[in-house]
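No value in this document is a laboratory result; all are computed from the given coordinates. Source: prediction; values computed, not measured. Note: ideal-geometry Cβ built from the backbone for every residue, glycine included; neighbour counts use all protein chains shown.
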Amino acid sequence: MIADLTRGILESFLPIGVVDILMPLLGIFIVVNVLLGSAIMLTYAERRLVARMQNRIGPNRVGPFGLLQGAADLLKLVTKEDLTPRAADRPVFLLAPVLFFAPAIALFAVVPFFRGWAVADLDAGIVYVIAVTSVSSLAAFAAGWASNNKYSLYGAVRGVAQLVSYEVPLILAVTSVILLSGSLNLQKIVEAQGIPFILVQPIGFLIMLVAVTAELNRTPFDINEAESEIVAGFHTEYTGTKFALIYGAEYVAALGWSAVIVTLFLGGWKPDIGGLIWFGLKTSAVVFLFFWFRGTWPRVRIDQMLALAWKLLFPLATINILVTAAEVLAAQALFSLEPGEALPVIALAVIAVVNIGLTVAVLALLSRVPGLARFDTQLAASAPARG
Amino acid sequence: MVTLAFFFLATTALIGAFAVVTARNIFYAALGLLVSLAAVAGIYVTLDADFLALAQFLIYVGGIAVLIVFAVMMTAQINRASRSHRLWPLGLLTGAVTLAGLAYVLANAQWEHQGRADTISPMVGDAASPGLHLPDLLFSVYLLPFELAGVLLLVATIGALVIARER
């Protein structure tokens with residue numbers, strides 16, 4: 001509706017060919033700027049929220065309630081001297097922040113903000129999400145390698161190991177959603193959710209949440225920038241605008257992955273009424289979850305992190321796919337559906353009840369496995385003492 | 001518009017390929033390869049083969065490039081590799097055979113446009129093109145290549161374990 005209106009205004013004084021090129025550019029301009037603004041506000045929101053959780057006050061001096069803190073920080077970073085270490089590999093060093101930022105922004109090209117509202121409504125939208133974000137491991141390595149600093153390289157090696165490991169359970173968790181919805185198109189996945197897939201696919205949601213936390217390098221998986229061990233990891237040598245780009249890219253990526261989780265598991269823009277409000281609220285809730293993790297949990301060690309991915313999440317996700325596939329086949333046989341047709345709400349409800357039961361059973365069982373219990377006490381031992 | 005995009009992407013792919021061959025630094029060569037492969041993915045998009053483009057990007061840019069990065073990371077003193085080029089006759093032979101094969105394919109290919117390139121739908125039961133689905137094809141017509149690829153990956157995994165195991 002707004003798009004048609006804008007189109008009409010532009011066509012009144014421009015040739016139609018130019019308008020055809022201008023309209024997508026305008027859409028991209030709006031989405032990118034909303035994202036950058038949100039990223040700046042998120043840095044403020046995270047600092048205030050984590051401060052609240054840790055019984056501190058947080059930034060409250062710049063503007064009302066400190067709301068302008070993010071903007072002030074950005075101005076400070078942009079006006080800083082642009083340093084490149086003499087030993088650094090200059091072209092790659094300059095390229096790395098761009099490699100971080102590009103996939104984070106590109107993620108939003110396929111996110112369905114509302115029915116029919118997406119910059120590009122790709123048929124294989126979810127494959128696009130996975131393809132684009134797979135560049136981030138390369139960006140982490142480029143940054144660490146080009147800095148020519150041993151702490152940067154340690155951070156980069158950890159980062160690549162982490163991203164490659166957690167991509168496996170992430171893709172498997174996404175596959176279970178594809179099985180249920182019968183489509184790779186994000187709009188169709190939203191429409192297939194008669195019941196939000198978080199209820200139908202609780203294990204998939206948990207795996208996805210953990211894998212995305214690792215993919216975003218957020219606490220408790222932020223070992224590649226662990227300041228207590230390796231200074232600041234792969235971005236040790238970055239200052240000024242380049243650091244602002246890397247830092248901002250992390251928040252844009254957090255927003256992007258939250259939007260993808262909302263689309264896959266929380267029903268996307270549903271319910272229909274209220275426009276963008278529901279999508280915005282759900283995305284904010286998932287982002288808040290990530291902030292909450294940061295305020296609550298200590299950082300894991302690298303071996304614990306890799307063990308979690310390969311020994312727990314990977315087998316669990318594989319079994320989850322087998323169970324989901326069997327359930328979908330059974331539902332198709334019962335309701336005599338064509339392959340790929342969306343499952344009716346009754347079928348989804350039955351699958352949801354079965355899967356929630358299975359999840360509770362699996363979690364109860366896992367808490368009794370001796371190896372995992374040790375893992376738990378190791379985590380507790382490495383946590384700082386509570387005051 | 002599409003022609004313009006094609007020439008831009010083709011030039012980028014060639015520049016990337018040239019960088020792969022000429023770069024002394026292995027990481028620069030990897031980046032060049034990445035640019036070249038990403039540009040080829042772009043060419044697939046201009047041919048309406050969206051799924052092929054995404055698969056190309058996912059496997060080559062996200063997978064192969066990371067693999068090369070791992071090789072760079074794990075190999076000690078990679079920048080002091082042998083520069084003596086003792087194997088040049090073998091290289092020449094491989095290059096010549098590849099060139100001959102590509103030339104044969106180019107000369108004998110049917111270049112007439114035959115509708116949408118992406119006739120194999122990646123979707124399970126997409127209404128637009130019923131009948132031909134990637135999973136159905138994979139588990140019927142192309143079952144043997146599919147299984148062979150699986151065996152190859154298994155062999156590679158075991159090989160990597162044998163090499164990496166501490167003695």
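Find the Cα radius of gyration of the range A:234-331, compare it with 2.2 N^0.38 Å by division, and give the number to two decimals.
In units of the globular-protein estimate, the range A:234-331 measures up at 1.45.
Taking every Cα atom in the range A:84-176, find the radius of gyration and the maximum pairwise distance Dmax, and write them in Å.
My reading of the Cα-based Rg and Dmax gives 16.0, 51 Å.
Which whole number gives the average count of other chain Cβ atoms within 10 Å of the Cβ atoms across peptide A:331-338?
Neighbouring Cβ atoms belonging to other protein chains average 1 per residue here.
Could you tell me what % of all Cα pairs in the range B:1-53 have separations over 19 Å?
Cα-Cα pairs in the range B:1-53 separated by more than 19 Å: 29 percent.
If you take each beta carbon of peptide A:91-98 and count the beta carbons of other chains within 10 angstrom, what is the mean?
Average neighbour count from other chains, rounded to a whole number: 1.
Mind checking the mean number of beta-carbon atoms from other chains within 10 Å of the Cβ atoms in A:126-139?
Shielding by partners across A:126-139 averages 5.
Under a Cβ-Cβ cut-off of 14 Å, what is the net charge of the residues other than A:Glu11 that fall near it, where Lys and Arg count +1 and Asp and Glu count -1?
Overall, the nearby charge balance is -1.
For chain A, evaluate the Debye formula with one uniform point scatterer on each Cα (no solvent term) and list log10 I(q)/I(0) at q = 0.08, 0.10, 0.11 Å⁻¹, rounded to two decimals.
Result of the Debye calculation: -0.47, -0.73, -0.88.
For the range A:140-264, state the semi-axes of the equivalent ellipsoid (square roots of 5 times the eigenvalues of the alpha-carbon gyration tensor), sorted largest first and rounded to whole angstrom.
Here the semi-axes work out to 33, 14, 11 Å.
Once you have a ≥ b ≥ c as the square roots of the Cα gyration tensor eigenvalues for the range A:1-105, tell me rounded if a/c is under 1.5, and otherwise prolate or oblate according to whether a/b is larger than b/c.
Values: a/c = 2.94, a/b = 1.44, b/c = 2.04.
Oblate shape, in that a/c is at least 1.5 and b/c is the bigger or equal ratio.
For the range A:122-177, what mean projected area does the convex hull of the alpha carbons give, in nm²?
Working: hull surface 16.0 nm².
The number I arrive at for the range A:122-177 is 4.0 nm².
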